[in-house]
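Written out below as structure tokens is the structure these notes cover.
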Amino acid sequence: MDSVANKKFVKKCPGYFHQLVRDIVKNRWLYLMLVPGVIWFLIYRYLPMLGLYIAFCDFNVVKGIKGSEFVGLKYFKYIFFEHRNFWQLVENTLAINVLKLIFYFPAPIIFAIMLNEIMNVKYKRTLQTLIYLPHFVSWVVFGSIIITFLSPTDGIVNQVIKLMGKEPIFFMSEPKYFRWIVVASDIWKEAGWGTIIYLAAITNIDPQLYEAAKIDSANKLQLIRYITIPCISETIIVMLLLDIGRIMNVSFEQIYVLANPTVYSTGDVISTYVYRVGIGNGRFSLTTAIGLFQSVIGFILLLICNAISKRCFEKSLW
């Protein structure tokens with residue numbers, strides 16, 4: 001009876017909705033499992049977009065959004081033409097993310113390929129666990145570990161430098177080192193977690209491809225170059241596009257824990273500035289305008305890179 005009722009419901013649906021409704025009815029339990037995720041995105045990702053109106057008004061907490069005076073593009077003009085640190089924030093954000101794309105992005109791919117070549121299952125699993133274990137440590141704890149390692153008095157790194165007969169380096173107070181510390185710590189903490197994604201893609205490769213290549217006398221490097229990498233290229237491109245979409249957004253927790261006023265010239269990014277000035281000083285309209293600019297630029301870059309990837313490699317997010 002349930003099947004008959006479903007078929008009658010599908011027939012009543014007009015035109016282009018017919019296929020969609022038929023698919024939903026057929027896989028209704030799978031779609032039901034999506035409901036919690038959809039609700040989460042609606043509450044925490046889409047409903048907050050209504051607050052973007054704050055960027056176009058002189059927001060007052062007491063008066064609320066409706067009672068605040070509408071000022072149009074006032075704050076956008078301010079950040080583009082009058083704000084003395086805005087372009088420095090943009091430069092720092094882009095510089096750190098470009099360095100991450102160059103050095104961090106290939107790290108999980110390399111780790112996944114290396115782990116895939118290990119034949120000893122116990123050793124492979126142990127090593128894999130050790131690599132992605134730092135992901136589960138909060139940046140508050142992990143940042144403290146980094147600061148301790150680089151301490152000019154008791155840090156392991158400076159102890160080695162002293163043994164070499166050189167003066168200790170104040171890494172955490174030198175602007176020229178900060179960006180590299182951010183990239184290196186990100187690789188240490190998060191590369192292992194990204195490795196899982198590429199390992200999953202590698203396990204889906206047909207083993208017969210490797211066997212055929214071995215018959216043709218292919219060595220390890222040739223197997224990696226001509227089989228492994230091309231077969232996971234779609235995953236690589238998807239992950240790259242997602243990273244490019246986040247290029248205007250550096251991890252807030254990481255920078256907030258590691259940065260201090262002495263390195264703001266190279267380490268103060270948009271997310272930390274928005275938190276410090278928006279919440280700390282109550283300049284909600286200004287920081288909302290900056291956040292909106294940040295999101296729009298990231299979205300445009302994602303569209304451009306997705307179009308380039310679709311044209312050049314015939315692979316894209318949509």
| query | Would you pick out the residues in segment 127-161 that are modelled with pLDDT under 90, assigned to a helix (DSSP H, G or I) and more than 26 Å from the chain's Cα centre (by Cα)? | reply | none
| field | Qualifying positions in segment 95-113 - more than 18 Å from ASP206 (Cα to Cα), of a type in the set (A, V, I, L, M, F, W, C) and out of contact with any Asp or Glu (no Cβ under 8 Å at 6 or more places or on another chain) | value | ALA95, ILE96, VAL98, LEU99, ILE102, PHE103, ALA107, ILE109, ILE110, PHE111
| said: So for segment 283-301 (the condition being among the charged types (D, E, K, R), in contact (Cβ under 8 Å) with a residue 40 or more places away in the chain and surrounded by fewer than 18 Cβ atoms within 10 Å (Cβ to Cβ)), does at least one residue qualify? | reply: no
| Selection count, segment 198-218, where residues are surrounded by 17 or more Cβ atoms within 10 Å (Cβ to Cβ) and among the β-branched types (Val, Ile, Thr) | 1
| task | State whether one or more residues within segment 155-163 are in contact (Cβ under 8 Å) with a residue 40 or more places away in the chain, surrounded by 16 or more Cβ atoms within 10 Å (Cβ to Cβ) and in the same structural domain as VAL250 (by TED's automatic domain parsing). | result | no
| query | Of the numbered conditions (1) out of contact with any strand residue (DSSP E or B) (no Cβ under 9 Å at 6 or more places or on another chain); (2) exposed (fewer than 15 other Cβ atoms within 10 Å of the Cβ), VAL25 satisfies every one except a single condition; which is it? | reply | (2)
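The values are calculated or read from the model by the stated rules, or taken from the named source; none is laboratory data. These numbers come from a predicted model, not from an experiment. Quick reminder, even Gly has a Cβ in these numbers, built from the backbone with ideal geometry, and neighbours come from all protein chains shown.
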